[in-house]
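Some notes on the structure that comes next.
The values are calculated or read from the model by the stated rules, or taken from the named source; none is laboratory data. This is a predicted model, so every value here is computed, not measured. Note that each Cβ is placed from the backbone with ideal geometry, even for glycine, and that neighbours are counted across all protein chains shown.
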Amino acid sequence: MAKGIREIKRQIKSTQNTRQITKAMEMVAASKLRRAQEKAEAARPYSDKLREVVASIASSSTGIRHPMLEKRPARKTAYLVITSDRGLAGGYNANILRRVSNELRDRHTSPDEYVLYVIGRKGRDYFRRRGIPVAETVTDLSDSPSFADIKAVAARAVQDYELGHSDALYLCYNQFINALTQIPQVESLLPMEPVSFDGALQSYEFEPSAETVLGELLPRYAETLIYKAVLEGKASELGAKMTAMGAATKNASKLINEYTLTYNRARQAAITQEITEIVAGASAAQS
C-alpha cells in the first residue's frame, strides 16, 4: 500500500509540473497572438493601397494584357501551402494538410499535374513522407515573420506562373476567425479575378504607361496577398496553440483532482488498516 501511495504522489507531482508548463505556454501564445493580430492589421494599408491602384488601372484602361490576368488551360496547377514549423497546435496543421490532400486527390490523377510550394516544416515533412516533391520551401519562420522571410517562395510561385511553368496558383492556409476557430482555405490566387475596390478611386497618371506600371504592380500585389495569408496563418497557429495548451491545462487539473482523491482514499485505507492491526494486536495481548 505504501508503494502505491508513493506512486500516486509521483503522478500528482509530475502532472503538476506538466500543468505549469502548459499554462506558461498558453500565456506565451496569448501574448504572441496579440502581436500577430497587430502585425496583420498593420499590413493592411499597404495591401489596400496596392489594390486601389490596380483597380484604378483596370477601370480606366482597356485592352491591357498581362499573364497574371489571363486564364489558360490548367495543365499544371500550383499550390502554396502554409503550415507551422512546430506542433502542439491542436488540429492546425492536420486540418490544412488534410484539405490540401483531398484537393490533390479530387482534382488530379497524376503528380505531374501539380507542383507544391510549402511554408513550414510540418508541411514539408508531411509531403516528403508521402513521396510528393516540393518545388520550394521556407522553414524556421519567427512568430512575427517579415515579408523578406517569405519573399523567396512567394516570388518563385508567382514567377513560375508568369513564365508558364504553372497555369493556376492556389493559396492554402488557415483563415483566422478567433482563438477557437481557424478555417482551412484553398483560394485561387492566379489568374487574378478582376480587382474591385470599395470606395472612390483616385485618378492617377502613369509613366511610362498604365500597362507597364500594372506589370510591375501585379506580381507585388500577388506576393502581398501571400504575405497576408502567412500573417493570418501565424495568428491561426498561435490561436490554436493557446486553445490546445488551455485544454491541456484543464485536463491536467482534472487529473490532479482525480489523483488527489485516489491518494486520499489510499491513505485513509492505510491508516484504517494500521488502526485495525493495532487494535487486533492489543486484543491478542490482553487475551
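Identify all residues within the range 157-192 that are part of a loop (DSSP other than H, G, I, E, B) and over 17 Å from the mean Cα position of the chain (by Cα); write none if there are none. Walk me through how you get there before you give the answer.
Narrowing the range 157-192 to residues part of a loop (DSSP other than H, G, I, E, B): 163-167, 179-180, 191-192.
Across the range 157-192, the qualifying residues are Leu163, Gly164, His165, Ser166, Asp167, Pro191, Met192.
Find the residue count for the range 126-156, including only residues that are loosely packed, with under 13 Cβ neighbours inside 10 Å and either part of a helix (DSSP H, G or I) or modelled with pLDDT of 95 or more (or both).
Within the range 126-156, residues that are loosely packed, with under 13 Cβ neighbours inside 10 Å and either part of a helix (DSSP H, G or I) or modelled with pLDDT of 95 or more (or both) number 2.
Per-residue answers, yes or no, for (1) exposed (fewer than 13 other Cβ atoms within 10 Å of the Cβ); (2) at pLDDT 85 or above; (3) more than 25 Å from the chain's Cα centre (by Cα):
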| position | (1), (2), (3) |
| --- | --- |
| Ala36 | no, yes, no |
| Ala40 | no, no, no |
| Ser47 | no, no, no |
| Glu52 | no, no, yes |
| Ser56 | no, no, yes |
| Ile64 | no, no, yes |
| Leu69 | no, no, yes |
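Could you check the range 226-254 and list, in sequence order, the residues that are within 19 Å of Thr18 (Cα to Cα) and buried (at least 17 other Cβ atoms within 10 Å of the Cβ)?
At the first step, the residues of the range 226-254 found to be within 19 Å of Thr18 (Cα to Cα) are 240-254.
Across the range 226-254, the qualifying residues are Ala240, Lys241, Met242, Thr243, Ala244, Met245, Gly246, Ala248, Thr249, Ala252.
Going residue by residue through the range 69-83, is there one that turns out to be of a type outside the set (A, V, I, L, M), touching a residue at least 40 places away in the same chain (Cβ under 8 Å) and assigned to a helix (DSSP H, G or I)?
Taking the range 69-83 as the starting set, the residues that turn out to be of a type outside the set (A, V, I, L, M) are 70-73, 75-77, 79, 83.
Then keep just the ones that are touching a residue at least 40 places away in the same chain (Cβ under 8 Å); that gives 70-73, 75-77, 79, 83.
This time we only want the ones that are assigned to a helix (DSSP H, G or I), so: none.
Among the residues of the range 69-83, not one is of a type outside the set (A, V, I, L, M), touching a residue at least 40 places away in the same chain (Cβ under 8 Å) and assigned to a helix (DSSP H, G or I), which makes the answer no.
Residue by residue, here is whether (1) touching a strand residue (DSSP E or B) at 6+ places or on another chain (Cβ under 8 Å); (2) in the same structural domain as Gly215 (by TED's automatic domain parsing) holds:
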residue: Ile21; (1), (2): no, no
residue: Ala36; (1), (2): no, no
residue: Leu69; (1), (2): no, yes
residue: Lys76; (1), (2): yes, yes
residue: Gly91; (1), (2): no, yes
residue: Asn95; (1), (2): yes, yes
residue: Arg99; (1), (2): yes, yes
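Considering only residues that are more than 16 Å from Asn251 (Cα to Cα) and among the hydroxyl-bearing types (Ser, Thr, Tyr), which ones fall in the range 1-41? Reasoning before the result, please.
The initial filter retains those residues of the range 1-41 that are more than 16 Å from Asn251 (Cα to Cα), namely 1-10, 27-41.
Scanning the range 1-41 gives a single hit, Ser31.
Mind telling me which of the residues Ile275, Ile271 ends up being in a helix (DSSP H, G or I), within 20 Å of Glu7 (Cα to Cα), without any contact (Cβ under 8 Å) to a residue 24 or more places away in the chain and of a type in the set (A, V, I, L, M, F, W, C)? Outline the logic, then answer.
Details: Ile275 fails: within 20 Å of Glu7 (Cα to Cα).
Selected residue: Ile271, the only one of Ile275, Ile271 that is in a helix (DSSP H, G or I), within 20 Å of Glu7 (Cα to Cα), without any contact (Cβ under 8 Å) to a residue 24 or more places away in the chain and of a type in the set (A, V, I, L, M, F, W, C).
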